[in-house]
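To start, the structure itself, in structure tokens.
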Amino acid sequence: MKYSGFRVIREALTGHRGWGPAWRDPEPKDQYDIIVVGGGGHGLATAHYLSSVYRELSVVVLEKSWIGSGNVGRNTTLVRSNYMLAENTKFYGMSLKLWENLEQDLNYNAMVSQRGILALHHDDGGRDAQLRLANTMRMAGGDGEMLDVDQIRKLYPGLDFNNPLFPITGGFIHRRGGTARHDAVTWGYARAADRRGVDIIQNCEVTGFRIENGKCIGVETTRGFIGGKKTGVAVAGRSSQLMAKAGLRLPIESHVLQAFVTEGLKPLLPGVVTYGAGHFYISQSDKGGLVFGGDLDAYNSYAQRGNIAVLDSVLEGGLSLLPIMSRARLLRSWGGIMDMSMDGSPIIDKTHIDGLYFNGGWCYGGFKATPASGMCFAHLLSTDQPHENAAGFRLDRFRRGYVIDENGVGPTPNLH
Amino acid sequence: MLINHPLLGPRDAQEFIYLGDARLIDRPDWQAADAQEQFFEYTYLRDNPAGEHKELWFHEYGDRSWLVVTRNTVTHEITHVELASEAARARGRSK
Ligand SMILES: Cc1cc2nc3c(=O)[nH]c(=O)nc-3n(C[C@H](O)[C@H](O)[C@H](O)COP(=O)(O)OP(=O)(O)OC[C@H]3O[C@@H](n4cnc5c(N)ncnc54)[C@H](O)[C@@H]3O)c2cc1C
């Protein structure tokens with residue numbers, strides 16, 4: 001069923017009895033051309049582009065829980081392309097372009113909102129770094145603009161401009177950046193893929209790979225063996241665990257990242273603000289809740305919940321930036337398991353096992369990557385060649401010494 | 001989280017800086033024939049288990065000693081804490 005304005009009116013007049021489920025709930029077949037493991041944003045986007053762009057006819061997505069139960073349903077939905085290294089600028093630049101046309105492509109309202117991301121600076125050093133970033137981005141065809149304090153005051157009157165320790169001295173705005181509705185992205189990709197015949201199998205955990213003569217011929221699951229000529233794994237925080245079943249050790253650690261939301265408030269923040277002095281960023285959802293987050297908990301964790309110390313420091317950052325937040329009630333906090341890579345950049349590559357492909361290492365920036373990751377992984381799975389915009393995201397780059405370390409902090413995953 | 005420091009007793013995890021997998025103690029021999037491969041694995045590859053994990057914590061806001069903490073990465077339960085210097089000597093290192 002195609003969604004349209006006409007359809008909405010017709011359903012409104014007929015008691016909304018005509019809406020069907022947005023995707024089927026099929027039984028798994030014995031054999032597929034391509035198996036995608038993981039029904040998060042990346043797995044579903046991969047399936048969508050496999051069927052729509054690469055015309056693959058036999059694709060299945062296997063999800064151990066319900067689709068969107070992982071990080072794609074837990075993130076703070078920032079979409080941006082503000083990178084400096086060439087591999088990242090072209091990849092995230094491509095992603096942003098795909099976001100801009102996502103709803104037309106999917107026929108689904110993903111609430112993509114380019115409301116702008118403002119990064120504040122508080123001293124000369126911070127300003128110089130931002131200016132350099134803005135120039136680098138513009139040279140690569142992106143957008144970046146420096147704002148002075150008066151311009152920021154007009155946009156965000158509620159910020160504390162005269163904090164004695166960290167006065168706001170200006171900022172940098174990425175106007176094409178913004179937010180999207182995370183669940184709608186999941187559902188939109190799932191529905192679009194399903195409409196082209198992709199089977200989405202929920203409650204089906206992959207427990208191992210069947211590898212014969214160095215070739216992966218399918219996966220063992222909690223619902224039995226499923227054969228596949230090619231298998232692409234996109235399981236985010238579970239990457240190390242699952243790939244270990246194929247004998248791989250990855251340059252990845254799993255860490256928990258928390259996020260927080262307050263009760264709904266009247267419109268207060270027109271866009272996204274990131275604090276240059278503390279690790280804190282905030283936006284306001286369309287329902288009115290303030291959505292914000294900060295640092296990782298910083299130790300390996302597979303618990304989808306965090307420690308109170310991080311809550312403390314995030315709230316301190318928030319209050320020093322936006323003092324009126326003290327009157328808002330915190331509704332919920334939660335955590336997601338991040339696949340933190342050793343250089344802070346992702347991996348989209350073949351493995352040394354024939355027919356087995358890997359997508360992961362998204363750190364805490366994988367939501368904005370969803371469309372490009374799906375497109376590039378689909379390209380790799382279908383053509384066996386890396387997509388030109390993801391050619392640097394190779395698994396062996398660490399061995400070769402070609403790390404893509406945007407922050408320059410070395411092999412310390414909890415600092416990226 | 002509380003880390004039961006072998007010398008100082010239970011301390012708040014906030015006093016510590018986290019480094020990672022305690023296998024970092026086993027620095028490869030730089031003169032080995034396959035030193036390059038060994039250092040690649042040492043520097044970049046991790047087991048990253050869901051469950052028991054031996055890891056290095058530095059008591060930055062305390063006595064500045066390194067500890068090897070055995071912690072469950074699913075429950076965050078800490079079952080064993082020892083001084084990293086002792087763990088290293090037990091593995092045959094001189095210090
Ligand atoms: C609190 C928080 C805030 C974030 N904020 C942002 C942000 O503002 N901007 C941004 O760009 N990114 C952000 N991220 C990061 C982003 O959410 C992730 O990088 C991205 O969602 C990861 O890709 P995914 O959607 O495919 O992962 P997931 O949604 O985690 O998908 C992986 C799926 O694989 C499934 N799976 C795992 N193991 C198996 C198995 N054995 N068999 C079958 N299925 C399996 C899981 O159940 C899961 O559904 C944030 C993350 C968190 C937790």
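The values are calculated or read from the model by the stated rules, or taken from the named source; none is laboratory data. A quick note: this is a predicted structure, and the numbers were derived from the prediction, not measured. Positions of Cβ are generated from backbone atoms using ideal geometry, with glycine treated the same way; all protein chains shown enter the neighbour counts.
Numbers at a glance
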read-out	value
Some residue of region A:321-329 being closer than 19 Å to A:Gly158 by Cα, within 13 Å of the ligand (Cβ to nearest atom), in contact (Cβ under 8 Å) with a residue 12 or more places away in the chain and surrounded by fewer than 22 Cβ atoms within 10 Å (Cβ to Cβ)	no
Given (1) of a type outside the set (D, E, K, R); (2) surrounded by 17 or more Cβ atoms within 10 Å (Cβ to Cβ); (3) under 23 Å from A:Gly170 (Cα atoms), index of the condition A:Pro270 fails	(2)
Subset of region A:27-79 [part of a loop (DSSP other than H, G, I, E, B) and away from the ligand (no atom under 16 Å from the Cβ)]	A:Glu27, A:Lys29, A:Asp30, A:Val53, A:Tyr54, A:Arg55, A:Glu56, A:Leu57, A:Ser58
Per-region count, region A:80-102, residues within 11 Å of the ligand (Cβ to nearest atom) and acidic (Asp, Glu)	0
Selected residue (only one of A:Phe260, A:Phe225 is touching a strand residue (DSSP E or B) at 6+ places or on another chain (Cβ under 9 Å), more than 14 Å from every other protein chain (Cβ to nearest Cβ) and within 22 Å of A:Gly366 (Cβ to Cβ))	A:Phe260
Search result, residues across region A:232-253 that are near the ligand (Cβ under 10 Å from one of its atoms) and either among the basic types (Lys, Arg) or modelled with pLDDT under 95 (or both)	A:Arg238, A:Lys245
Checking A:Thr186 against (1) closer than 21 Å to A:Glu100 by Cβ; (2) β-branched (Val, Ile, Thr); (3) touching a strand residue (DSSP E or B) at 6+ places or on another chain (Cβ under 6 Å), the condition it does not meet	(3)
Residue satisfying all of: in region A:355-392; assigned to a loop (DSSP other than H, G, I, E, B) and more than 14 Å from the ligand (Cβ to nearest atom); farthest from A:Glu103 (Cα to Cα) among these	A:Gly355
Within region A:133-188, considering residues that are among the β-branched types (Val, Ile, Thr) and not in a loop (DSSP other than H, G, I, E, B), the one modelled with the lowest pLDDT	A:Thr136
Condition met for A:Lys229 (assigned to a strand (DSSP E or B) and either at pLDDT 95 or above or surrounded by 15 or more Cβ atoms within 10 Å (Cβ to Cβ) (or both))	yes
Which numbered condition A:His352 fails, given (1) part of a loop (DSSP other than H, G, I, E, B); (2) within 16 Å of the ligand (Cβ to nearest atom)	(2)
Scope region B:14-40; condition surrounded by 16 or more Cβ atoms within 10 Å (Cβ to Cβ) and closer than 22 Å to A:Arg400 by Cα; matching residues	B:Pro28, B:Gln38, B:Phe40
Only listed residue being surrounded by fewer than 19 Cβ atoms within 10 Å (Cβ to Cβ), among the polar types (S, T, N, Q), away from chain B (no Cβ under 14 Å) and at negative phi, chosen from A:Asn359, A:Asn407, A:Asn389	A:Asn407
Residues located in region A:354-405, provided they are small (Gly, Ala, Ser), at pLDDT 95 or above and either under 19 Å from the mean Cα position of the chain (by Cα) or more than 21 Å from A:Ala47 (Cβ to Cβ) (or both)	A:Gly360, A:Gly361, A:Gly366, A:Ala369, A:Ala372, A:Ser373, A:Gly374, A:Ala378, A:Ala390, A:Ala391, A:Gly392
Residues within region A:274-322 that are outside any helix (DSSP H, G or I), within 14 Å of chain B (Cβ to nearest Cβ) and acidic (Asp, Glu), tallied	2
Any hit, region B:25-44, residues being facing another protein chain (nearest Cβ under 8 Å) and over 22 Å from A:Gly410 (Cβ atoms)	no
Residues of region A:232-257 that turn out to be surrounded by fewer than 20 Cβ atoms within 10 Å (Cβ to Cβ), away from chain B (no Cβ under 14 Å) and within 14 Å of A:Met340 (Cα to Cα), as a count	0
Tally of residues being surrounded by fewer than 17 Cβ atoms within 10 Å (Cβ to Cβ) and within 14 Å of another protein chain (Cβ to nearest Cβ) across region B:1-13	2
Which numbered condition A:Pro267 misses (of (1) assigned to a helix (DSSP H, G or I); (2) more than 12 Å from the ligand (Cβ to nearest atom); (3) over 17 Å from A:Asn163 (Cβ atoms); (4) not charged (D, E, K, R))	(1)
Criterion: within 12 Å of chain A (Cβ to nearest Cβ) and either modelled with pLDDT under 95 or at negative phi (or both) - qualifying residue of B:Lys95, B:Lys54	B:Lys54
Residue that is farthest from A:Met338 (Cα to Cα) [pool: residues in region A:213-224 that are within 14 Å of the ligand (Cβ to nearest atom) and in a strand (DSSP E or B)]	A:Gly224
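A quick yes/no check of all residues on (1) over 29 Å from A:Leu106 (Cβ atoms); (2) touching a residue at least 24 places away in the same chain (Cβ under 8 Å); (3) near the ligand (Cβ under 10 Å from one of its atoms):
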position	(1), (2), (3)
A:Pro167	yes, yes, no
A:Gly170	yes, yes, no
A:Arg175	no, yes, no
A:Asp183	no, yes, no
A:Thr186	no, yes, yes
A:Ile211	yes, yes, no
A:Gly228	no, yes, no
